[in-house]
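The values are calculated or read from the model by the stated rules, or taken from the named source; none is laboratory data. Note that the structure is predicted; figures quoted are calculated from it, not measured. Reconstructed Cβ throughout: ideal geometry from the backbone, glycine too, with neighbour counts over all protein chains shown.
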Amino acid sequence: MKNLKIGVINLGCAKNLVDAEILLGKLKAGGAKLVSDPQEADIIVINTCGFIEPAKVEAIETILDLSERKKVIVMGCLVNRYKEELQKEIPEVMAYFGTESWDEVVGFLGLEAREKSRRLLATPKSYAYLKISEGCNRLCSFCAIPSIRGRHRSKSMEELIDEARYLADQGVKELCIVSQDTTYYGRDLYGKGQLVKLLQELQKIDGIEWIRLLYLYPTEMQELLEFMPYSEKVLPYFDIPLQHVSSQVLRSMRRGYDEVFVRDLIERINLKVPGAVLRTTFIVGYPTETEEDYRRLLNFISEGYFHWIGVFTYSPEEGTHAYSLGDPIPKEKKERRKEELLKVQERISANKNQELIGKELQILIDGFDNEFGYVPIGRAYLHAPEVDGLVYVETERELKPGDMVRVRINQVGGYDLGGTEVGG
């Protein structure tokens with residue numbers, strides 16, 4: 001099976017992308033030839049997401065489309081949830097594997113299994129995701145992740161430091177720390193949270209300039225807030241999925257906090273960490289969400305605390321506590337609520353961007369925008385990869401991914417910024 005041409009398609013979140021990168025590394029080490037064009041592939045491996053309804057629909061449509069034309073292997077979250085149903089409904093797929101089944105896939109393909117292999121990065125050279133744990137111990141009523149991914153399992157600090165050094169050797173400048181529950185890191189291995197200790201070690205690594213924290217649980221922030229103002233590499237960027245602000249909805253969601261706590265947390269962040277950037281996600285259309293609850297959320301967002309938000313419409317997921325509550329809010333109403341929230345936030349984000357006109361920001365170059373003649377594009381500390389805005393850089397010299405440049409902001413276009421390199 002050597003020289004087998006294999007294409008890997010990843011669906012879903014950054015955590016899934018890390019899984020796909022691990023698979024790519026193992027396939028390459030085993031002798032496979034990796035191709036980016038599905039038309040060139042002998043076999044396509046689809047790494048699926050099965051978290052919410054839109055993700056499941058996307059995965060099924062991708063499987064059906066490709067399995068008509070190519071030999072296909074399916075792995076990931078969707079298989080963990082629905083393997084028997086998938087085997088029955090889409091039997092033309094060669095094989096189904098769950099999450100973390102990289103070695104099984106390699107063996108199925110008849111490739112040589114190597115004991116040690118490194119991830120093959122699918123991100124631009126400038127940044128990479130560092131997944132510090134797997135699974136989740138939370139009991140949020142709407143979430144199927146614990147049943148899909150299992151209980152929380154931290155990677156050892158030694159393993160993560162070794163991986164981060166490898167990434168730095170590849171030219172990576174920004175580490176984006178990801179997991180299902182980043183603030184829970186270390187409790188299972190070390191008896192107490194060790195996220196700050198891990199960050200202290202990671203920031204010692206030469207070549208790593210930025211460390212960005214994603215998926216922070218709201219109730220576990222205190223030690224982090226004491227540490228972040230004194231770190232030169234951990235960015236003042238807070239990705240905290242709040243899910244709602246109504247105390248009634250939060251209680252039904254089993255989140256473990258209420259509106260008073262949320263407001264106090266935001267106040268503490270802004271007090272402790274000057275220049276803090278806040279990103280969050282909300283769910284609209286949860287079964288117990290009343291019109292009053294929704295208006296409370298709308299008004300809360302209108303107060304302008306957040307630079308960026310994501311909004312999801314609730315979908316009932318089998319095996320979750322909230323599944324028994326049904327799905328009483330019509331899809332059309334959920335969509336209207338979602339669009340209204342996003343429209344409000346769009347104005348807030350635009351206003352925050354306007355305040356950056358004339359300011360100088362450090363920009364990490366990710367690549368180029370071919371539409372405008374290979375204009376360098378990158379991100380400031382307030383932009384997480386893939387989900388926030390971009391910065392278009394005007395410069396007289398040739399830049400490459402991974403370069404860090406000083407840029408004076410002089411344009412705003414929607415969520416994006418434009419500026420001129422200073423001293424280039």
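Some observations on this one:
- So K28, is it charged (D, E, K, R), touching a strand residue (DSSP E or B) at 6+ places or on another chain (Cβ under 7 Å) and surrounded by 16 or more Cβ atoms within 10 Å (Cβ to Cβ): yes
- Just one of the listed residues (S147, S141) is assigned to a helix (DSSP H, G or I) and over 25 Å from L121 (Cα atoms), and it is S147.
- Lone qualifier among V249, V245, V262 - being over 20 Å from R379 (Cα atoms), modelled with pLDDT of 95 or more, in the same structural domain as T182 (by TED's automatic domain parsing) and not in a helix (DSSP H, G or I): V245
- Residues being among the hydrophobic types (A, V, I, L, M, F, W, C), surrounded by 20 or more Cβ atoms within 10 Å (Cβ to Cβ) and more than 30 Å from R251 (Cβ to Cβ) are represented in region 384-392 by at least one member.
- Verdict on L216 being assigned by TED's automatic domain parsing to the domain that holds G193 and either basic (K, R) or in a loop (DSSP other than H, G, I, E, B) (or both): yes
- Of all the residues in region 321-337, those that are touching a helix residue (DSSP H, G or I) at 6+ places or on another chain (Cβ under 8 Å) and either on the phi > 0 side of the Ramachandran plot or crowded, with 19+ Cβ neighbours inside 10 Å (or both) number 2.
- Taking the criterion of being among the β-branched types (V, I, T) and without any contact (Cβ under 8 Å) to a residue 60 or more places away in the chain, the residues of region 145-198 that qualify are I161, I177, T182, T183, V196.
- Only listed residue being buried (at least 20 other Cβ atoms within 10 Å of the Cβ), in the same structural domain as G304 (by TED's automatic domain parsing) and either at negative phi or without any contact (Cβ under 8 Å) to a residue 12 or more places away in the chain (or both), chosen from Y286, Y230: Y286
- Failed criterion for E318 (all others in (1) without any contact (Cβ under 8 Å) to a residue 60 or more places away in the chain; (2) outside any helix (DSSP H, G or I) hold): (1)
- When residues in region 358-398 are screened for being charged (D, E, K, R), in a loop (DSSP other than H, G, I, E, B) and either free of Cβ contacts under 8 Å to residues at least 60 places away in the same chain or in contact with a Phe, Trp or Tyr (Cβ under 9 Å, 6 or more places away or on another chain) (or both), 5 of them pass.
- Single unsatisfied condition, K71 versus (1) in contact with a strand residue (DSSP E or B) (Cβ under 6 Å, 6 or more places away or on another chain); (2) closer than 30 Å to T320 by Cβ: (2)
- The condition of being closer than 22 Å to Y166 by Cβ, part of a helix (DSSP H, G or I) and touching a residue at least 40 places away in the same chain (Cβ under 8 Å) holds for E201.
- Helices (runs of 4 or more DSSP H) lying entirely in region 34-117 (those with 2 or more residues that are of a type in the set (D, E) and either surrounded by fewer than 14 Cβ atoms within 10 Å (Cβ to Cβ) or at pLDDT below 85 (or both)): 53-67, 77-89
- Within region 65-81, the only residue that satisfies the criterion of being among the polar types (S, T, N, Q) and either over 25 Å from E318 (Cβ atoms) or in contact with a helix residue (DSSP H, G or I) (Cβ under 7 Å, 6 or more places away or on another chain) (or both) is N80.
- Top-ranked residue of region 294-315 - restricted to ones that are polar (S, T, N, Q) and touching a residue at least 12 places away in the same chain (Cβ under 8 Å), ranked as nearest to N270 (Cα to Cα): S302
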